[in-house]
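Student: Following this message is one structure expressed as structure tokens.
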Amino acid sequence: MKRIFSLFMALVVLSVSCLCVAQAYSFDDLDGEISEYPVIIVPGYGGAGLFTAEGKQVWGPDIGKIALGLLENIARTGRALGEFVLGDPQLLGEVVGEQVVKELGVLRCNPDGTSVYPLSPISVDAAETNTAALNERFPDGANTYELEIQTELKKYLDPSRIYNFTCDFRMGAEYNANMLRDYIDSVLEHSGAEKVNIYALSHGGQITATYLTLFGDDNKVDNVVMTSPAIGGAGIAYDPFAGEIDFDEETLIRFIEQGVMMEEDINWLVKANWLGILDDILYAVKPYFYEVMGNWGSIWDFMPTDKYDDAKELLLDETKHAGLIEKTDRFHYEIYPTIGERLRYLREEYSMNISIIAGYGNRIISGMDEDSDSIITLSSATGASTPPFGMRFADGYIQKNDCDGKYKLSPDMTVDASTAYLPDNTWFVKGMFHAFVVFDDYTMELVMKLLLTDEITDVYSDESFPQFRDSSSLCHTVWAHFDNNPSGYINADSKSLVVTNVCANSSVNITAVVCKGLDIQFNVDPTVKLAPGESIEISFEGEIPQVSGKQADITVYYLMDTVTPTGYRTQGYTVLNGDMVQPEEDIVPVGEKPVISGIFADLLKSLGLYEIVTMFIEIMLFAFSAISV
């Protein structure tokens, strides 16, 4: 029964995944002067279509065709499902994998990294790939990239001034950086502009960072915004191919919750690891995906640098893959190590406004225990230093670089931004999943300001856009910060915790606010109902210690009028209120000792009940302590 339920849930997950990026936030018009430079969209992985010489589109993937192929062979598919339910995933992996190769095998590359078949993007000409031209040719929006971002851009720019960089995403970063250099020249010629602005997402961030590293001295770019950039690779590229899959189903579900802007919490469905089935399926299908993708230069540029040598030894042959190895060695050993220095140089030498926005606070969904946006490790995206996932820097930790005396530790003390490629021009958003800047009004407005205006030159330009911030996407229900302080920090000036209901439709009652790490008690009135968008100031009793570098976690428990009515959110805060405390260790586990431990805790976890039980215990303890006071 568990495997049947797991298979059903896996299908639900895959179906809901297709609904991600269904809607986005919108905000009021920008203040200030809007840049007249055209904008080039450098898309995320697989965003660009690929065509045969005859004009037939062979990418993007049509999941419907794969599903139809499975149904056409219904007898074998049915037997495979039956064997899987009985505990053997091998045949199901073969059936799905063979269909994947049938539909996507045309994308294979030779061992030297060149394409087996002559494929190319729809066009490399700016006149044919600006949004106005593409919309005329494809009224359904096909081959137009990052539509949510473009919806906002169209408020300020004519579609003819928005360009879609068409790349062969299978090829390596340097190959596509050269393509981007040529494309920029084409855009300048077509638009008559002197420079361009660039918005790059995910894989597009790796391409753009490589372009800037190699060709930034051309000085043809003004503003660059890279969101969730895969600059140093993507952890999800290593785990499946190296055979170290430990799929994090809960993170995947939360990813989907944010992607479809869901106010209900459905991740409790997998607290008991009911989707462990996905590991079995991925192991069985892996050889077929590798048959298609194993020689793609981009996959090898995606390998995190600290994993690259091991993966190369495991999967590549020095003679057979010599051409591919030569290209990807150059990226890992020559280009990538210089990216941070080059980005800083370009900002200084040419006043090029280069910015990065990255999410963190999630484990890689494929199993790697590193802080990430669920797809790309934070260290790869930003160059920042992080402890292993589930750990934090100890109280009093001293950041690695001084940064002219600027404090560069995240409020939850899991990020040291002093080592970032751009320490003063990188924004970190905890709880934002990969590529989801469009689902948070804070990040969406930040993107537009950075891309289209000169209002923000660094993380200190506007206190509304601090370097570190917890996501206020509606899937988190509530968002909290202390008054009279930047988001995530607290000092003696703070008199209350400001809690906001970030839902779009659901009202919220705050039932408890629990602090771990500081001796303060919050005064909560659970009868107060917060309408969507409404905030409340919750006062507290107790003293803020006269120290700096001390970390605390505050959990807001709430009731809401949805199918899943009870929930909570924990945010990290750092005290900056005096002399720095002296660290006793380098890193420590995140959070304090749980209220339930031992065999009973293990039993609750196996049943998927641990978090709901501990939540009610914490609320009851809070209520009793409030009565005693």
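Here, each number is a calculation from the coordinates, and none is a lab measurement. Being a predicted model, the structure only gives us computed values, none of them experimental. Every residue, glycine as well, gets a Cβ built from its backbone with ideal geometry; the counts of neighbours run over all protein chains shown.
Student: Would you kindly state how much longer the chain becomes between Ser496 and Asp586 on full extension, computed as 0.36 nm times their sequence separation minus their alpha carbon distance, in nm to one decimal? Could the numbers behind the result be given before it?
Tutor: Details: separation 90, 0.36 × 90 = 32.40 nm, distance 3.11 nm.
Additional length available on full extension: 29.3 nm.
Student: For the pair Ala623/Glu326, report the inter-label distance in nm, with labels modelled 7 Å from Cα in the Cβ direction.
Tutor: 7.2 nm
Student: At Asp579 and Arg344, where each label point lies 7 Å from the Cα along Cα→Cβ, what is the point-to-point distance in nanometres?
Tutor: 3.1 nm
Student: How big is D for the stretch 488-537, in µm² s⁻¹ as a whole number, if Stokes-Einstein is applied with the Kirkwood radius of its Cα pairs at 25 °C and 0.890 mPa s?
Tutor: Value of D from the Cα-based Kirkwood radius: 200 µm²/s.
Student: Step through the table entries Lys154/Lys220; Lys408/Lys495; Lys449/Lys550; Lys495/Lys550; Lys327/Lys406; Lys286/Lys320, compare each Cα-Cα distance with 27 Å, and write down the pairs that go over it. If you can, show how the numbers build up before the last one.
Tutor: Values: Lys154/Lys220 23 Å; Lys408/Lys495 24 Å; Lys449/Lys550 33 Å; Lys495/Lys550 18 Å; Lys327/Lys406 39 Å; Lys286/Lys320 21 Å.
The pairs that break the limit, which is 27 Å between Cα atoms, are Lys449/Lys550; Lys327/Lys406.
Student: Could you calculate the FRET efficiency of Tyr117 with Val547 from 1/(1 + (r/R0)^6), where r is the beta carbon distance between them and R0 is 45 Å, rounded to 0.05?
Tutor: 0.10
Student: Semi-axes of the stretch 98-172's equivalent ellipsoid from the Cα gyration tensor, sqrt of 5 times each eigenvalue, largest first, rounded to whole Å?
Tutor: Numbers: eigenvalues 180, 37, 24 Å².
Semi-axes, largest first: 30, 14, 11 Å.
Student: At a Förster distance of 25 Å, what's the computed FRET efficiency of Phe616 paired with Val528, Cβ-Cβ distance as r, to 0.05?
Tutor: The formula returns an efficiency of 0.75 here.
Student: Any chance you could run the full-extension gain for Cys403 through Glu334? It's 0.36 nm times the residue separation minus the Cα-Cα distance, nm to one decimal.
Tutor: 22.3 nm
Student: Could you calculate the FRET efficiency of Asn110 with Asp306 from 1/(1 + (r/R0)^6), where r is the beta carbon distance between them and R0 is 35 Å, rounded to 0.05? Before the final figure, lay out the partial values.
Tutor: Working: r = 28 Å, r/R0 = 0.79.
E between Asn110 and Asp306, to the nearest 0.05, is 0.80.
Student: In nm, to one decimal, how far is the modelled label at Ile34 from the one at Glu54, with both set 7 Å along Cα→Cβ?
Tutor: 4.4 nm
Student: I need Leu609, Leu450, Leu91 ordered by Cβ neighbour count within 10 Å, fewest first.
Tutor: Going from least to most buried by this count: Leu609, Leu91, Leu450.
Student: Another question, then. Given the Cα-Cα distance of Leu609 and Asp125 and 0.36 nm per residue of separation, how much length would full extension add, in nm?
Tutor: Stretched fully, the Leu609-Asp125 segment lengthens by 168.6 nm.
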